[in-house]
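The values are calculated or read from the model by the stated rules, or taken from the named source; none is laboratory data. What you see is a predicted model; the values in this text were computed from it and never measured. Here the Cβ positions follow ideal geometry from the backbone for every residue, glycine too, while neighbour counts run over all protein chains shown.
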Amino acid sequence: MQRARSKVPCIDKLNLSAPPLPPLGIMELGGWLLLSLIIVPMIGGAACLGLGRVLRLKAGVIVTSSLTILLGLLLFGYMTWNGLASISMTAAEVAPFSEVMLVADFALMLVFLYSGYKERSALVVLFALAQLIPLTWFEFVLSGDLQEPVIMVDFLGVMMALITSIIGSIICIYAIKYMEHDAHQPRFFAVMLLFLGVMNGAVFSNDLLWFLVFWETTTVCSYLLIRHEGTADAIRSGLRALTYTLGGGVALVFAIILLYHYSGTTLLSQLPLGNAISGLALVPIGLFALAAFTKSAQLPFQKWLLGAMVAPTPVSALLHSSTMVNLGVYLLLRLSPSFSPIPELQYAVGLVGGVSFLATSVLAIGQSSSKKVLAYSTIGNLGLIVLCAAIGTKEAIYAGMLLLLFHAISKALLFMAVGVVKHETGSEDIEPMDGLRDKMPFVTFALFVGVITLLLPPFGMFASKWMISEISANYPLFAFLLAIGFGASVVYYGKWLGRTFSAGPMRARKSAIDQPLSSYFKWTLLALMAGAVGLSFLISQVVAYLIVPYLGPLHIDVLFVSGALGMFPMFALLVVIVVSLTALALLSGSGKAEITDAYTGGEPFVFANSGAYFFSEKTAGKAIILINAIAVLLLISLFLFPAMQEVGLWAI
Amino acid sequence: MGDLTLYALAVFLTLTAPLAVGLLMGVDRKLTARMQNRVGPPLLQPFYDLFKLLGKERRLINPSQAYFALGYLLLEGTSLVVLAAQGDLLVVFFLSGAGSLFLVLGAFSARSPFSQMGAQRELLQILAYEPVFFLIIVSIGIQEHSFISRDMSQNLIVTLPLSLIALVAVLVIKLQKSPYDIAHAHTELVSGPLVEYSGPYLATVELARWAEIAVVFGILTLFWNDPEPVAALLGKMVLVFAALFTTLVIDNVTARLTRRRMVTFTLSFGIALVAANIIWNLYLGQGVGI
């Protein structure tokens, strides 16, 4: 068991030549916690396959989810309490698992080959072979060092694990109700829970070969979940997701091999700094970024995530908030020191993120399906995180981490709320949600909380948006991408939220709610609402206990509105707004107001709502072709600049 | 200045700025009338209207209208507080933007054809002016190396003249003046998002709108700075009146744009203006300016 007690953790300064370590049997608590965060959800998932009967399945999911939440909190508590900046485990310590990982790796490739063959997809087969052959060769070339920290978790990893374990588990519990009439529940929950363990495994892996195994397993999980319903549409979307992310896997495999070739390491913690390498040695960095873009569905790879909307809503919630897409931006945040010092790569990566944010925010205006709107919003917000990673200053990484955390909570909440609407009414389109607050007041409130915590001050997401805006003054080009994106996101969320609140004269209102909300829905939504609002209140604590241990203190405390009146804490603003709203509402006694009819110039009228979408699908289609072309050019430039530098055509 | 003076000044500015805007509205109506060869209402007419509305009976379609109206007022008010306390301009911008979202939600919450059409159009206006407004603030930040309004020391009117022109365009939209009176469109939409508000609730929304406009004027005043307080104050006032007069002239000589043209025109020209200014200052005109 190695411990790094440095106050400001710096991954490349970790003491890697520690004395021989005890065998697995007497591993310390921290190591056990890490391993159990990976294994417990997996065992729970496997058990679900065996628990055919509904009642036992329910219990299995609840127990596993609760255990995972508990373990995540324990890990956080253990590291904070002991003042650990990171925990790592060497290859020797986890030796029993190395074989498992190797087998898993090849088993995965065979699964991919089989899926490609079964679905008659030449591309999938090709991508599987393009991973299998180089990997087999690489396993022979590579000489493992038993003292290498194969597993390492710092506070970025802890934050990711908390997001996955807590939000992911809440989604699983929610899914118990949502999927109650599904024919293949054991299979569904097995994959959902497996996904959580795999995701934890990925963020704990320091050895890139381990990382690759977990990375590819998330691809399998998402493939299985997207095609779960078995309809033609689901199978097609699943295959598309598989193709895109498997292609990213190929990039990852070659990135690892080339990284080993140029820099002699397969450890994430020993990634070379950008200003120490040049020419073709930069190619693996570009390949890592490419892999991350496929995983996080950045332009031009957005299509698979939009197609993934055919999956049951809990799957969407899981993919969008606590697993899968987070993995790409996580990799980029880790990779940031390797590419952000080089302006060409910095701008190429940053522009992919920025253009993704701009384009998806505008495209979302034209969507009539709430899940599509949320999907576009996810891609956009991940684009902002990519932008932060590209800028790469401490402030930017700070903003990126905050964004990742608060986006996960609010996005899970929004998907789950939409899921309830779909479950109860059978539709997830925006226009039929007209007057939703009469029919489902609680769910409407959840949607409202989700949107305002995602958009407005003084909630958590706003803090990071504010930081990004502040940083953008140093990168005016990025500021222009942000400007339209911010405006457009107010528009598409405003339209949707407004629709749900639309209501006629109160006296004519249907007072009856058809049936009380299932407690599975109610409590999971409540938990996430409390999380989104509560953590916004506690943002200084979030920063102090999750982000400062990773990045060190920030010299400008941007979480405060500084003015001539001294420091004005964000949450004071929140309190002022909430208190005065309540007070004024009580004072004004709106309940006593006379209820009147809508003004129509005295004409009788029937209200037929229709949304404004501002542009047609056709226009959007043309725009998509254009922005995809831009994104492809940016991706090419990721490799063009290093190549030109290598042959002396370009001086970086 | 001591802390106490600053406190007093911030409170004073927050309370008086919306009232000053009310007065400016009076000036606006008077001047417009004169331009159209009418006598026009008394200068204090906006206040008479406001007080009369406050005394009227309360009528609503449903209570959430009232909550959203209060939210609008509070968010615009908070935005003004931060500005008056010489705080961060980005916070001012985001708070004010949040306020306009609440206005839209309030308009949507009544199931009324005029109100909802007004809400959709208000959203379009947000899409048109928010990016430009944001970039103007970013250009100020770049120029002053700070977003804190207390740190503003330059005469931005000299270094950011094109941003200033773009800010006037934002002002025209926020004042619902032609060619941008898309949402209120008094001839066919009655008054857009406000149509279902009456009495004290309408007064609340009206007051919030004054605060919202006060924020824009407040940012406008940052374009003139002078170490001498009297000169600074005079310069800022001249700037405000000049901007108001310009919007009036524009209002009277232009016809309303279509929705699509409003968005494309504002976005393209507004963004191009600010971009040109930033590029000039950062890359081309180094050493030029004050």
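Note on segment A:609-652: residues that are in a helix (DSSP H, G or I), among the aromatic types (F, W, Y) and within 29 Å of the chain's Cα centre (by Cα) amount to 1.
Listed here are the residues, each with its yes/no results for (1) within 10 Å of chain B (Cβ to nearest Cβ); (2) over 19 Å from A:L525 (Cβ atoms); (3) buried (at least 24 other Cβ atoms within 10 Å of the Cβ); (4) in contact with a Lys or Arg (Cβ under 9 Å, 6 or more places away or on another chain).
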| site | (1), (2), (3), (4) |
| --- | --- |
| A:F415 | no, no, yes, yes |
| A:E431 | no, yes, no, yes |
| A:A446 | no, no, yes, no |
| A:S464 | no, yes, yes, no |
| A:A483 | yes, yes, yes, no |
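There is at least one residue in segment A:341-349 that is of a type in the set (A, V, I, L, M) and not in a helix (DSSP H, G or I).
So which residues in segment B:52-76 are surrounded by fewer than 24 Cβ atoms within 10 Å (Cβ to Cβ), in a helix (DSSP H, G or I), more than 8 Å from chain A (Cβ to nearest Cβ) and not hydrophobic (A, V, I, L, M, F, W, C)? Hits for segment B:52-76 are B:K52, B:G55. Exactly one residue among A:I385, A:I365 is over 13 Å from the mean Cα position of the chain (by Cα) and β-branched (V, I, T), and that residue is A:I365.
Mind telling me which of the residues A:A375, A:A308, A:A276 ends up being more than 30 Å from A:F189 (Cα to Cα) and either out of contact with any Cys (no Cβ under 7 Å at 6 or more places or on another chain) or of a type in the set (K, R) (or both)? Going through A:A375, A:A308, A:A276 in turn, the sole match is A:A276. Within segment B:210-240, the residues that satisfy the criterion of being over 18 Å from B:L156 (Cβ atoms) and either in contact (Cβ under 8 Å) with a residue 40 or more places away in the chain or part of a loop (DSSP other than H, G, I, E, B) (or both) are B:W210, B:A211, B:E212, B:I213, B:A214.
Against the test of being within 30 Å of A:Y599 (Cα to Cα) and at the interface with chain A (Cβ under 8 Å from one of its Cβ atoms), the options B:L105, B:L95 yield a single qualifying residue, B:L105. Can you spot a residue in segment B:232-246 that is of a type in the set (G, A, S) and farther than 17 Å from B:V27 by Cα? Looking for residues that are of a type in the set (G, A, S) and farther than 17 Å from B:V27 by Cα, one finds at least one in segment B:232-246, hence yes. All conditions in (1) in contact with a strand residue (DSSP E or B) (Cβ under 9 Å, 6 or more places away or on another chain); (2) not in a helix (DSSP H, G or I) hold for A:G83, with the sole exception of (1).
Give the residues of segment A:466-481 that are within 9 Å of chain B (Cβ to nearest Cβ) and in a helix (DSSP H, G or I), sorted by residue number. Those that are within 9 Å of chain B (Cβ to nearest Cβ) and in a helix (DSSP H, G or I): A:W466, A:S469, A:E470, A:S472, A:P476, A:A479, A:F480.
In segment B:99-106, the count of residues that are aromatic (F, W, Y), buried (at least 21 other Cβ atoms within 10 Å of the Cβ) and touching a Ser or Thr at 6+ places or on another chain (Cβ under 8 Å) is zero. Mind checking which residues of segment A:352-366 are surrounded by fewer than 24 Cβ atoms within 10 Å (Cβ to Cβ) and away from every other protein chain (no Cβ under 14 Å)? Residue satisfying the conditions is A:V355 alone. For segment B:126-149, does any single residue satisfy the condition of being within 22 Å of B:L60 (Cα to Cα), at the interface with chain A (Cβ under 7 Å from one of its Cβ atoms) and not in a helix (DSSP H, G or I)? No; the residues of segment B:126-149 include none that is within 22 Å of B:L60 (Cα to Cα), at the interface with chain A (Cβ under 7 Å from one of its Cβ atoms) and not in a helix (DSSP H, G or I).
Residue-by-condition table, conditions (1) touching a residue at least 24 places away in the same chain (Cβ under 8 Å); (2) part of a helix (DSSP H, G or I):
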| site | (1), (2) |
| --- | --- |
| A:T218 | yes, yes |
| A:T265 | no, no |
| A:L287 | yes, yes |
| A:F301 | yes, no |
| A:L306 | yes, yes |
| A:Y330 | yes, yes |
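Residues in segment A:467-477 that are of a type in the set (A, V, I, L, M, F, W, C) and surrounded by fewer than 24 Cβ atoms within 10 Å (Cβ to Cβ): A:M467, A:I471, A:A473, A:L477. Within segment B:163-208, being within 14 Å of chain A (Cβ to nearest Cβ), modelled with pLDDT of 85 or more and over 22 Å from B:G99 (Cβ atoms) holds for one residue alone: B:S163.
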